[in-house]
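Written below as structure tokens is the structure these notes are about.
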Amino acid sequence: MKAKTLSVFSLMVAGLLIAGCSTSPKSGKYSSVPESEQLRPDVRFPHALVYIKEGTSFAQYSKFIVDPVEIYRGTDASWHKGKVTEQAKQELAQFARAEFVRVLGPKYPVVDQPGPGVLRIKLTLADVELTTPALAVVSHFSPGGMGMNLLGTGAGMQGSFMGSVTMSVELRDAQSDTVLAAALTKQAPLAVDVTKTFGNLSAARAGITETAVKFMGAMDRAHATVTAPGP
């Protein structure tokens, strides 16, 4: 008998991609996020730019350090054409860290010191699109808008007048500080999710929460093993 360990980072990235609605970040944008020079499109993950250190196995990691979330300062971020205030950025950054701690904490210890089996998570809030609540509600309940959003959901598209969040995720071995993987992904709620049309930051918050939930789910699967018959 032999056990096959699931591909951990593949599962993690897949989890990021299926959180709500994902669209591909533009290659070449956000040039100052961690490992940006190594991020590449990958046919396995059509909605993200990724980097995975060759030979990396994440099965050994079961504890996490969640660093304070950084805010991207590059000029190649739009921040909804400059309409996202500094206060909103800071609030979302704090929310992102709190959500990862909240979601991971009950099952995976969140610690503050490096040690064996500890993975450091570095999140960067790279960009935000604001929801336009009044127009989003109208577009979701008008006959034409409802139809377009239904079609958009089937195509994995962002809802009309709904916001999004673009985040960078970097994973490091906490003891050696070796970069093991990184990803850049854009998250938005499903196009038909009218509950995320209230408040201009509602969609961005939803994308952060879903990312944290899917990350934990991916780690759950990553620690599982599949037993296959021996030769």
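All of the numbers you see were taken from the coordinates with simple rules; none came from a lab. The model shown is predicted, which means the values in this text are computed figures rather than measured ones. Counting neighbours? That spans all protein chains shown, and the Cβs are built from the backbone with ideal geometry, glycine included.
Values computed for the structure shown
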| read-out | value |
| --- | --- |
| Subset of Lys63/Lys83; Lys83/Lys107; Lys53/Lys89; Lys89/Lys122 violating a 26 Å alpha-carbon distance limit | Lys63/Lys83; Lys83/Lys107; Lys53/Lys89 |
| Pair Lys53, Val111: separation of 7 Å Cα→Cβ label points (nm) | 1.7 nm |
| Extension gain (nm, one decimal) between Arg73 and Asp220, 0.36 nm per residue minus Cα-Cα | 49.6 nm |
| Within straight-line cross-link reach of Lys29, aspartates and glutamates at Cα separation under 14 Å, skipping those fewer than 8 residues along the same chain | Glu37, Asp76, Asp127 |
